[in-house]
1. Across bins of 5 angstrom width beginning at 0, how are the C-alpha pair distances of the stretch 127-174 distributed, in whole percent?
2. Given a Förster distance of 35 angstrom, what is the FRET efficiency for residue 101 paired with residue 449, based on the Cβ-Cβ distance and rounded to 0.05?
3. How big is the shadow of the Cα convex hull of the stretch 87-238, averaged over all directions, in nm²?
4. Could you give the dipole magnitude of the stretch 272-391 about its Cα centre, charging the beta-carbon of Lys and Arg +1 and that of Asp and Glu -1, in debye to the nearest 20?
5. For the stretch 221-311, report the translational diffusion coefficient in µm²/s to the nearest whole number, using Stokes-Einstein at 10 °C, 1.306 mPa s, and a Kirkwood Rh over Cα pairs.
6. Set Lys and Arg Cβ to +1 and Asp and Glu Cβ to -1, take the dipole of the chain about its Cα centre, and tell me which of 262, 116, 287 lies farthest positive.
7. So between residue 261 and residue 225, what do we pick up on full extension, going 0.36 nm a residue minus the alpha carbon distance?
8. Using the per-residue mean of other Cβ atoms lying within 10 Å as a proxy for protection, in what order, highest first, do the peptides 230-238, 9-17, 118-126 fall?
Amino acid sequence: MAATPSYLTEPERKTPIGGDYDVVVLGGGPAGIAAAVAAGMHGRKVLLVERYGFLGGMGTAAGVTNFCGLHANVHGEIRQVVHGIADQLLARIERLGGLNAPHLVLGKIFAQAYDTAAYKCAADDLLLSNGVEILFHALATGVVMENETRIKALLVETKSGRSAILARVLIDCSGDGDLAAFAGAPFEKGGADGQMLYPTMMFRVNGVDAALAGDAWRTIPALMETAEKRGVNFPRKGAILRPQKHSNEWRVNVTQVKNERGCAVDGTDANELSAGEIEGRRQALAFFEFLKREAPGFGDSYIVDIPPQLGVRETRRIAGHYQLTADDVLSCASFADTVGVNGWPIEAHVAGDVVWRWPDIPGSRGFNHLPYRMLVPRGLDNLLVAGRCASMTHEGQSAARVSGGCFVMGQAAGTAAHLLLAGNVANADIEVGQLQETLESDGAYLGRDVAGN
Ligand SMILES: Cc1cc2nc3c(=O)[nH]c(=O)nc-3n(C[C@H](O)[C@H](O)[C@H](O)COP(=O)(O)OP(=O)(O)OC[C@H]3O[C@@H](n4cnc5c(N)ncnc54)[C@H](O)[C@@H]3O)c2cc1C
């Protein structure tokens, strides 16, 4: 029998043009939402392309249900430091009754939980009210180049077929750097040992007796240790369990999903992802059995949601004009081209554990600047990259990847796209002072008023 060939050649075909835009944003997570709104509110013709039928990215599709990185511990005082478009989104979620008050994390910083349904609806409204068009259920699969350094069109596959969307500036907010990779931008995966942050299958339980559960996020790790002594295995230490808006509903962030080699599942590998989804759900069920059996207040609870996809923290990170590092985060670095700040510490999801590293609290200002250069890929003039796939080292990414940093990067990239078009310049040649003034007049906080290192 003849061996199966490793590829086949498809016939050449004509691809319909699916639209012509000033700015095309790939991905509707926190970075993509902010990028699209920023370009839209400056009057640009913007299309956001998203493979799911809703916005929110990992925040909804992976059931994260909690904003981190909106705040920083500034010399001992916890303040919201991410503003601008993030405020508009938070206000809309709040109006829908879907936003918790901020809660304290590890005694040092705030995070803020939300309801995924409210997030989806609030994000739709925010984009539409800023004139952004949305193409849901569209998977980006490639690009057509105009020349070596300029992208001409994004190729998408939808139920209505394949199309090419023309764009003058593109912003990759896919989380996985798909667009940048299609266009040949250099990127990295993993740290020095090649390991990426481990993914987690989130889930939520309802029917919790909140009074009995008490501060379960403090007591459950101890229950897990006791159970481990009896031979019960958990995928990782560091269970994060917290109530949502209604105190009978809790999110559970505790699973950790490996591939066959024992490494973090690669969210850009379809086979690994497929196996990871199944393993993530298996771990969720196993942990839920433990919760019901052993955690006070969870005896009558039930799983109300296992989200549409495995939660992927890290895949490709583009290697841009500057890579944000661990040292930048821990030393609260300043950059002349700041476009906003990150106040979240290093939260490394390593094999079997979650390892936290903080800047000096309260000795420091508790946040680092995020420089414009981390949004600029090398060798491509009309592409910007924002969110968890922006230019950061593995360790830098383990801090600035959370929602707060992604909103900042997204707003900066969308605003920069508008200015690139206005000035007819390449991404690396932007007038940074003008970008900073525009961001500040749009309500963003660039962190220039508090001295850093
Ligand atoms: C389990 C888990 C727990 C977390 N906990 C927290 C937390 O408590 N608080 C917090 O703030 N952050 C948390 N994070 C991190 C945070 O959710 C993400 O880092 C953040 O959502 C990244 O935003 P983003 O916009 O860069 O990308 P994403 O949120 O990943 O969004 C990317 C979007 O692009 C779309 N997309 C990707 N590729 C394509 C394509 N080819 N075609 C079309 N669409 C595409 C995706 O569907 C998605 O909607 C967590 C992450 C995980 C995985």
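Bear in mind these aren't lab numbers, they're just calculated from the coordinates by the rules spelled out. All values derive from a computational prediction rather than experimental measurement. Positions of Cβ are generated from backbone atoms using ideal geometry, with glycine treated the same way; all protein chains shown enter the neighbour counts.
1. In whole percents, the pair-distance histogram is 5, 18, 26, 24, 17, 8, 2, 0.
2. Efficiency, from the Cβ-Cβ distance: 0.85.
3. 15.1
4. Magnitude of the dipole: close to 220 debye.
5. Once the numbers are plugged in, D ends up at 111 µm²/s.
6. The residue sitting most towards the positive pole is 287.
7. 10.3 nm
8. Packing order, densest peptide first, comes out as 118-126, 230-238, 9-17.
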